[in-house]
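What follows is one structure encoded as C-alpha cells, with my remarks underneath.
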Amino acid sequence: MDSRTKGKTVMEVGSDGVAVITLINPPVNSLSFDVLYNLKSNYEEALSRNDVKAIVITGAKGKFSGGFDISGFGEIQKGTRKEPKVGYISIDILTDLLEAARKPSVAAIDGLALGGGLELSMACHARISTPGAQLGLPELQLGVIPGFGGTQRLPRLVGLTKALEMILTSKPVRAEEGHSLGLIDAVVPSAELLTTARRWALDIVERRKPWISSVLKTDKLPPLGEAREILKFARGQTRKQAPNMKHPLMCLDALETGIVSGPRAGLEKEAEVGSQVISLDTTKGLIHVFFSQRGTVKVPGVTDRGLIPRKIKKVAIIGGGLMGSGIATALILSNYPVILKEVNEKFLEAGIGRVKANLQSRVRKGSMSKEKFEKTMSLLKGSLDYESFRDVDMVIEAVIENISLKQQIFADLEKYCPQHCILASNTSTIDLNKIGERTKSQDRIVGAHFFSPAHVMPLLEIVRTNHTSAQVIVDLLDVGKKIKKTPVVVGNCTGFAVNRMFFPYTQAAMFLVERGADPYLIDSAVSKFGMPMGPFRLCDLVGFGVAIATATQFIENFPERTYKSMIIPLMQEDKRAGEATRKGFYLYDDKRKAKPDPELKKYIEKARSMSGANVDPKLVKLSEKEIIEMTFFPVVNEACRVFAEGIAVKAADLDIAAIFGMGFPPYRGGIMFWADSIGSKYIYSRLDEWSKTYGDFFKPCAFLAERGSKGAPLSAPVEQARSRL
Ligand SMILES: CCC/C=C/C(=O)SCCNC(=O)CCNC(=O)[C@H](O)C(C)(C)COP(=O)([O-])OP(=O)([O-])OC[C@H]1O[C@@H](n2cnc3c(N)ncnc32)[C@H](O)[C@@H]1OP(=O)([O-])[O-]
C-alpha cells in the first residue's frame, strides 16, 4: 500500500462471473476517501467487463467496515482536505453507480457494518451476514448524520420507527435482529459467507432472488400523516434529550424530506445537511472526544515499549463498602474471580450483599438472566484474613481514607501476596508514596481510582508514582479495557486529575452564593450548559461528609487557592447532610425529587457573616454566561496546573477525565478543548480581573498567564513539563 494513501480495495473476478471487491483499511476497514475512490474505479471496471455478471462487496479480515474514516472529518474541519462535491459519494457513487447499476451487488458482512459501512451495504441489492455481525448507524454520536443514504434507506428497509430508534440512539443491532427486521437477507456461518453471497448475487441475475433497490422500497413506510406524527414525537424527544445539539434535528429533516418528497429529494437534503453539520462546534467536540478516548491508552514511555500485559487470573479487594463492592461487581461482571476481604463477618456479609444487590438490579431490569447472576456471583469469595491472598495477581485496597490504616494494609500485603502481585489503592486523594512508605514494593504500587458507583461509572484513573513500573501500568490498562472502563493514566498528587478539577468548581459556586448569587440559578445555568446536574445538587448527591473530607485535603495541600466557605459545615451541624438525609441545598421527597428550600438562606447568611463576605450587586444578577465563566474558568485554571505539572501527559487526557469523571458535556470536547474554543487570552483576562477584585482563588496560574498573554492554545504540548510521570 502506498504510504501516502489510506486503505484500498481489491477486486477479483471469479470463473463464476462474480467480482468480489474487498475493502482493506486496517484495523476496521474504514471508508477513507482513498477506499471510496478505489471502490468507484473497481465498480466502473466491473460494470464494463463482459466476464462480470454480479458484484460482491466484503471487508478484509473478518470486518466489513467501521464506517467513514472519522479522521476525514477532522481534515475537512481543519481545511487540510477539500470536501468532495455535495452528494458525490452518496448520490453519484452509491446511488447512481452502484444501486442503479445493471449488475446486482450483494454485501457479505462479517464482524461489523457501522455508519457508512452499513450505508454502503444498504445500497447493495442484498445483504448476507455472519451471526456475530453488528449493524448500526452511530453517526449522531459523532456529531454527524448518516450521510451515505442511511437516512433514506434504513427507514425503507426496517420501517420508520425502528430506523429512528437505531439512528437516534446510535445503538447497533445484531445479525439475527437485523434479519428479522428485513435489514439482512440471510445469516450464515463465517465459512459460508462468501459462497452464499456469490450464489445470491447470481440468483439475482437469474431472477431467482428479487433485485431490490432499497431506496425505492415503500412497503415499510407508514402513511404520510402517521409518519409526520412519528417524526414530530421524535423531534420533541430529541429537543428534550439533546437541547444543545442541532445535528439530530437536522438529521430528522433529511428523513422527513425523503418521506414527504421522495427518496431523491431526501438524498439531496441528506447530502446538504451532512455537509453542514461537519463544521458545527458540537461535531468538532465529539470527533475530538472519539480520538481522545482511544488516545488515553497510548502513554509515551509505557505503551510504546513492546510490553505485553500479564494475565490477571485472580483479584483481591480489601474493603466491602460502597467503593469496594462496586469494584468487585465490575470485576466479576468481566469474569475475574474476586476475593473480598473485610474485618469481620458482619461487614463481609454486608459487602457481599451490596455486590448481590448490584447484580440483582440488573436481573430486575431484565439485562441479566438468573443463571448468569448465579454464575457471576460464584466468582466472588469472602475472606477475613490474608491467607487466600497467596495466589492473587492484583489487590485493590478500598478502605476509608486513613493514611496509617492504608500503610498497615500495604505492609501486610507485601508479606502475603506473591512477588509479582500488583498492589493498587483506590484512594481518591492520598499520596501513594505515603501509602507505600512501609514497604519495599514501590515499583508495583499504583492507584486504581474508580468513581462511584464503580460498576457503572466509566472512568478509571490509573495513578502512577515515580517508582511504578511500566509493566504494572500496562497490566492495569489491560484490566481497565476488560472491565470496559476508559482509563486515564495520571501522576501522583493530592486529588490526581479529576478531583483537582472538581474542587474549584464547587468552591467557585460557594463563593458566588456567599456574595449573593442564587444557588438554584447557578444549578440551572450549569445544567443548561450540559452538566448532568449543578454543583449544589451534586453536593447533595455525594453527601456533605465526602464533600468536607475532600475539602480538608485541598485546604491542607493548596491553601493559597482554596475558598473556605462555611455553608456546608453549618448545614451539617444541623444534620442536613445532603440527599441521604433528605435535606441539603434542596429538600427531597420520597421519590428523590429535589425542590428548593427557602430555609437555605439562613445558612448562607450565617456563612457570609462568618467569612466577612458582602453581597456584591454585580454577582447577584449574573447572566447565565457569566455564571458558567465564573464556575468553569477556575476549573480550566486548575486543569492548566495539572497539565503544566505533568500530572496529565496530554491535554486530551484531561478532556476525557473531565467528561467521564465530572460529567462535562462531550459535545463541548472536554475542558481543555472547550477552553481553547473560547481562547486562552479571554480566559486569562477574566481570571486576572476577578483575582484583582475577589482574591487569589481566581488567580491565573503561570502556565495560563504565559499562554493567555500570547493567545496560545492551552492544549498544545508542554515542552519542558516538570513531568511527574
Ligand atoms: C460521511 C457521512 C456518512 C458516514 C459517516 C460515518 O460512517 S461516521 C463513522 C461511523 N462509525 C462509527 O462511529 C464507528 C466508530 N468506531 C467504533 O465504534 C469502534 O472503533 C469499533 C466498534 C469499530 C471497534 O472497536 P474496538 O474497541 O475494537 O477498537 P477501537 O475503538 O479501539 O478502534 C480501533 C482503531 O480503529 C480506529 N477506528 C475505528 N473506527 C474508525 C473509523 N470509522 N474511522 C477511523 N478510525 C476508526 C480507532 O480510532 C482505533 O485507532 P487506534 O487508536 O488504534 O489508532
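The values are calculated or read from the model by the stated rules, or taken from the named source; none is laboratory data. Remember, predicted model here, so these are calculated numbers, not experimental data. With ideal geometry, Cβ positions are generated from the backbone for all residues, glycine too; neighbour counts draw on all protein chains shown. Surface areas here come from the heavy atoms of the whole protein model, side chains and all, with no ligands, DNA or RNA. Shrake-Rupley method; radii C 1.70, N 1.55, O 1.52, S 1.80 Å.
Only Lys, Arg, Asp and Glu carry charge here, each on its Cβ (+1 for the first two, -1 for the last two); on that basis the chain has a dipole of about 560 debye about its Cα centre. Please give the FRET efficiency for Lys564 paired with Ser527, using the beta carbon to beta carbon distance and R0 = 30 Å, rounded to the nearest 0.05. Result of the calculation: an efficiency of 0.70. Using a cut-off of 32 Å between Cα atoms, the listed pairs Lys606/Lys681; Lys406/Lys625; Lys415/Lys481; Lys61/Lys246 include Lys606/Lys681; Lys406/Lys625; Lys61/Lys246 as exceeding that distance.
Looking at segment 483-576, the accessible area is 34 square angstrom per residue; that uses a 1.4 Å probe and ignores ligands, DNA and RNA.
Spin-label pair Val546-Glu12: with each label point 7 Å from Cα along the Cα-Cβ axis, the two points sit 5.7 nm from one another. Note that segment 401-471, at 25 °C in a medium of 0.890 mPa s, gets a Stokes-Einstein diffusion coefficient of 196 µm²/s from its Kirkwood radius over C-alpha pairs. Rolling a 1.4 angstrom probe over the protein heavy atoms with all chains in place gives segment 1-85 an accessible area of 48 Å² per residue. Shape descriptor for segment 439-537: Rg over Rh equals 1.12 (Cα atoms; Rh from the Kirkwood inverse mean 1/r).
How big is Rg to Rh over the chain, alpha-carbon atoms, Rh as the Kirkwood inverse-mean-distance radius? Please report the intermediate quantities before stating the final value.
Values: Rg = 28.4 Å, Rh = 28.2 Å.
Rg/Rh: 1.00.
On the beta carbon distance between Lys618 and Leu216, with R0 = 56 Å, the FRET formula returns roughly 0.35. Hey, quick one: spin label on His467, modelled 7 Å out along Cα-Cβ, who in segment 378-412 has an amide N within reach, i.e. under 14 Å? Correct set: 407-408, 410-412.
Taking amide H as placed 1.01 Å from N in the peptide plane, Val56 has its amide H under 5 Å from the amide H of Ala19, Val20, Ile21, Val106, each at least 5 places away in sequence or on another chain. Take the alpha carbon atoms of segment 105-131, find their center, do the same for segment 511-568, and report the distance between the two centers in whole angstrom. The two parts, judged by their Cα centres, are 50 Å apart.
Restricting the calculation to Cα atoms, segment 183-247 yields a radius of gyration followed by a Dmax of 19.3, 52 Å. Size descriptors for segment 1-76, from the alpha-carbon set: Rg then Dmax equal 13.0, 42 Å. Relative intensity of segment 191-292 on a log10 scale, I(q)/I(0) at q = 0.11, 0.16 Å⁻¹, equals -0.56, -0.87, per a Debye sum over C-alpha point scatterers of equal strength in the absence of solvent. Of all lysines in the structure, the ones whose alpha carbon falls short of 27 Å from that of Lys591, not counting any fewer than 8 places away in one chain, are Lys240, Lys356, Lys365, Lys528, Lys575, Lys583, Lys601, Lys602.
If I take R0 = 35 Å and measure r between the Cβ atoms of Lys625 and Glu401 in this structure, what FRET efficiency does the formula 1/(1 + (r/R0)^6) give, to the nearest 0.05?
Working: r = 37 Å, r/R0 = 1.06.
Once rounded, the FRET efficiency stands at 0.40.
Rolling a 1.4 Å probe over the protein heavy atoms gives segment 319-425 an accessible area of 48 Å² per residue. 3J(HN,Hα) along segment 236-243, derived from phi through the Karplus expression 6.51 cos²θ - 1.76 cosθ + 1.60 where θ = phi - 60°, amounts to x, 4, 5, 4, 6, 7, 9, x Hz, with x in place of Gly and Pro. Amide H to amide H distances under 5 Å link Val489 with Ile462, where only residues 5 or more positions off or on other chains count and H is placed in the peptide plane. With only the Cα atoms considered, segment 105-191 has a convex hull volume of 73 Å³ per residue.
Taking only Cα atoms of segment 335-384, what ratio of Rg to Rh do you get with Rh as the Kirkwood inverse-distance radius?
Checking Rg against Rh, the ratio lands at 1.01.
Projected onto the charge dipole of the chain (+1 at Lys/Arg Cβ, -1 at Asp/Glu Cβ, origin at the Cα centre), which of His467, Pro665, Gln553 gives the Cα projection farthest towards the positive end? The residue sitting farthest along the positive end of the dipole is Pro665.
Surface composition of the chain: carbon plus sulfur atoms contribute 54% of the solvent-accessible area (1.4 Å probe, protein chains only, all chains present).
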